[in-house]
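Quick note: the coordinates plus some simple rules give every number you see, no bench work behind them. The shown structure was predicted, so the numbers you read here are calculated from the model rather than taken from an experiment. Because the Cβ atoms are built from the backbone with ideal geometry, glycine has one as well, and the counts that use them run over all protein chains shown.
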Amino acid sequence: MRLAVFDDSRVGVVRGDDIHDITELVPPEFDSWPEQRLNWLIRNWTRVADRLADPGKFPVVAASSVVLRAANPAPPQLFAIPANYRAHIGEIGAMAITKGGRTAREAGFFLKAAGSVSGAGEPIPLPAGSARRFDHECELGVIIGKQGRNVPRERAMEYVFGFACLIDLTMRIQPGEFEEDRSLRKSFRGFTPLGPHLVTADEIGDLGTLTSRLSVNGEQRQGAVLGDMIVDVAEAIELITSVVDVQPGDVIASGTPKGVGPLVPGDEVAIAIDEIGAMTLTVTEAAAAPRPF
Ligand code: MN
């Protein structure tokens, strides 16, 4: 099943050019906290499965008439895996925290602010007036389906609810100058586009055979086979849950292959992953903030 979060965080099932609006499955109390609707649905998925057997009976809207929000607009936690493709490690030299050849297996995970997620219908706003370098990272987004603690990799895929394309935007460090923490540099609003839809795990065949690619203004910059990840999705879940519990709706950014590169306002960034989907976003400039970067 292909789920869309749209407009005021309504939730729908995508069928071709239509979206069947299933928001009525979520308790009406969530109308005052709409960003949490999808988390409620994931958490209660087995309870609503019967009513979802025929999505066609729910009200339909044209996909072209809605604004797509993040595949999960309010992940409880947003984990990210660094240095997870050998060809990426070291490619940006002193601008990378991961210099020295360490992989995700040694470096573990880091956190992005969950508030950095955005959707296929939204822009990527770079901090106003900044002279810094902002890079795209083409990644598979993994959405967690149930609470997990100390999950061995052999059972980890049971904890995956679904997948989406994910761009991990990064403000690069400036060699020799003050280095902001990675969590700040990757957490600006709109720095984690996640979409265009949430594709449930049962729709996906062999994850390792899928390819991901990212282009800027029509020119391909990144492309990889997901099977080339050093720490695969199952090992990432084993790693994370050895430290802290995962929760329904959590998102994991699984790491970028080589080819990261800069973005400037006006660029069009397109990301696609086989069987999962494709989306194109426009890079813009954010409104001025009290603290410039
Ligand atoms: Mn990344």
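Which of Val66, Val260, Val233 moves the most in a Gaussian network model of the chain with Cα springs under 10 Å? Taking springs between Cα atoms under 10 Å, the residue moving most is Val66.
Farthest towards the positive end of the charge dipole of the stretch 140-293, among the residues Gly266, Ala224, Gly148, is the Cα of Gly266, using unit charges on the Cβ of Lys, Arg, Asp and Glu. Here's the picture: charge each Lys and Arg Cβ at +1 and each Asp and Glu Cβ at -1 in the chain, and of Gly205, Leu52, Gly255 the one pushed furthest to the positive end of that dipole is Gly255.
Here's how it looks for Gln222: its modeled amide H is under 5 Å from those of Leu214, which are all 5 or more places away or on a different chain.
Cut-off 12 Å, label point 7 angstrom out along Cα-to-Cβ of Ser64: give me the residues of the stretch 3-43 whose amide nitrogen falls inside. Backbone N within reach: 17-18. List the relative contact order of the chain as a percent without decimals, with contacts defined as Cα pairs under 8 Å and 6+ residues apart. Averaging sequence separation for qualifying contacts and normalising by length gives 25 percent for the chain. Fully extending the segment from Arg291 to Ala113 would add 62.3 nm, taking 0.36 nm per residue of separation and subtracting the current Cα-Cα distance. Taking every DSSP bridge with both residues inside the chain, close to 85 percent are antiparallel.
Of the two radii for the stretch 126-189, the radius of gyration is 1.14 times the Kirkwood radius, both from the alpha carbons; that is the Rg over Rh value. Straightening the chain between Asp50 and Glu24 buys 7.9 nm, computed as 0.36 nm per residue apart minus the Cα-Cα spacing.
Quick check: the distance between the Cα centres of the stretch 250-278 and the stretch 124-152, to the nearest angstrom? The stretch 250-278 and the stretch 124-152 have Cα centres separated by 10 Å. The residue among Ile276, Leu184, Ile240 whose Cα reaches farthest toward the positive pole of the charge dipole of the chain, with charges on the beta-carbon of Lys, Arg, Asp and Glu, is Leu184.
As a calculated quantity, the FRET efficiency between Glu180 and Thr282 at R0 = 22 Å, using C-beta atoms, amounts to about 0.30. For Asn44, no residue whose modelled amide H falls within less than 5 Å of its own remains once neighbours fewer than 5 places apart on the same chain are excluded. Summarising the label geometry, the points placed 7 Å from Cα in the beta-carbon direction at Arg153 and Asp274 lie 2.2 nm from one another. Helical content alone sets the calculated 222 nm signal of the chain at -2000 deg cm²/dmol, taking -39,500 (n - 2.57) per DSSP H segment of four or more residues and averaging over every residue. Shown is the FRET efficiency for Asp8 and Glu106, computed with R0 = 45 Å from the Cβ-Cβ distance and rounded to the nearest 0.05: 0.55. About its Cα centre, the chain has a charge dipole of approximately 620 debye under the convention of +1 per Lys or Arg Cβ and -1 per Asp or Glu Cβ, with nothing else charged.
Each Cα pair under 8 Å and six or more residues apart adds its separation to the average, and for the stretch 140-239 the resulting relative contact order is 30 percent.
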